[in-house]
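Values quoted throughout were computed directly from the atomic coordinates according to the rules given, and no laboratory measurement underlies them. The model shown is predicted, which means the values in this text are computed figures rather than measured ones. Cβ atoms come from the backbone with ideal geometry, glycine included; neighbour counts cover every protein chain shown.
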């Protein structure tokens, strides 16, 4: 693989999951030649005795010949974000790429608006929108001061363009993220900093397991289902709604992030790129 990002430094949030997009993106940018800072709220967001979260990601990146460090960070806290920036600069001397991948897990927010609790609405907005705003604001200030271009990539969702029942908080947060990215693109263009969002449809990650474990439109019409049966029905239902007939892989998303980070994408900004298997929105 060409080292198209040689000498660059990338921060990837929400990177601790074994099967997550953050891990895949971090590894792909590392293979492209970038030095990587991986962050998450906790060391390992999903329980797995064979996986050590951020430490495992750092280890595999370093074994692959690149350099990586881990920093625990709360994306909803500006002081925590400032700490990430300071440690990144202290270790690697610069920042070139920010990938905002951290997001809220599906849970009690996946209900009709009339049943949605204020605390669940706030949780989704704080992580999916406020957290991205805070990280973009802090890193943008540094990139402007650095005077050496830069890339901001925000992981939104096809749900930010297309409403779905029981996804009110999530869809709203991801729609707001798209508009935030477009505004950043306009404001940062004069500094040669690009800002784009990636809009996946359903991706094979731990988040899918979270969604399939709660009642959803693919399983709620049947009772006494095992967790395996719930997941099977959920996946079958989702795949039937995707024109290409399959879920996205984490590598599909990582490939898009790699391209948007590269010099080949230097004239692309303000775009919300669908990686959705043909779902048009």
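How much FRET efficiency would the formula 1/(1 + (r/R0)^6) give for residue 147 and residue 79, where r is the Cβ-Cβ distance and R0 is 25 Å, rounded to 0.05?
Once rounded, the FRET efficiency stands at 0.45.
Could you work out the mean projected area of the convex hull around the alpha carbons of region 163-205, in square nanometres to one decimal?
The directionally averaged projection comes out at 3.8 nm².
Work out how far the C-alpha atoms of the chain reach from end to end along every principal axis, then list the three figures in whole Å, largest first.
Reported extents, whole Å, longest axis first: 57, 41, 36.
Which FRET efficiency, nearest 0.05, do residue 266 and residue 59 yield, Cβ-Cβ r, R0 30 Å?
0.40
Quick one: which of 62-68, 5-11 comes out on top by average Cβ neighbours within 10 Å, and what's the full order, highest first?
On the way: 62-68: 15.3, 5-11: 20.4.
Result, highest mean Cβ count within 10 Å first: 5-11, 62-68.
May I ask for the angle, rounded to the nearest 10°, between helix 168-188 and the longest principal axis of the chain, with both axes built from Cα atoms and the value confined to 0 to 90°?
Tilt relative to the chain: about 20 degrees.
Quick one: order 201, 226 by neighbouring beta-carbon count within 10 Å, fewest to most.
Listed from fewest to most nearby Cβ atoms, that is 226, 201.
Where does each of 76, 181 land when they are ranked from fewest to most other beta-carbon atoms within 10 angstrom?
76, 181
Order these by the 10 Å Cβ neighbour count, fewest first: 125, 21.
125, 21
Rounded to the nearest 0.05, what FRET efficiency do residue 113 and residue 48 have when you use their Cβ-Cβ distance and R0 = 30 Å?
My answer for the efficiency is 0.30.
Treating the angle as unsigned and between 0 and 90°, give the value, to the nearest 10°, between the Cα long axis of helix 78-92 and the longest Cα principal axis of the chain.
Here the helix axis deviates by roughly 50 degrees.
On a 0 to 90 degree scale, rounded to 10, what angle separates helix 227-240 from the longest Cα axis of the chain?
70 degrees
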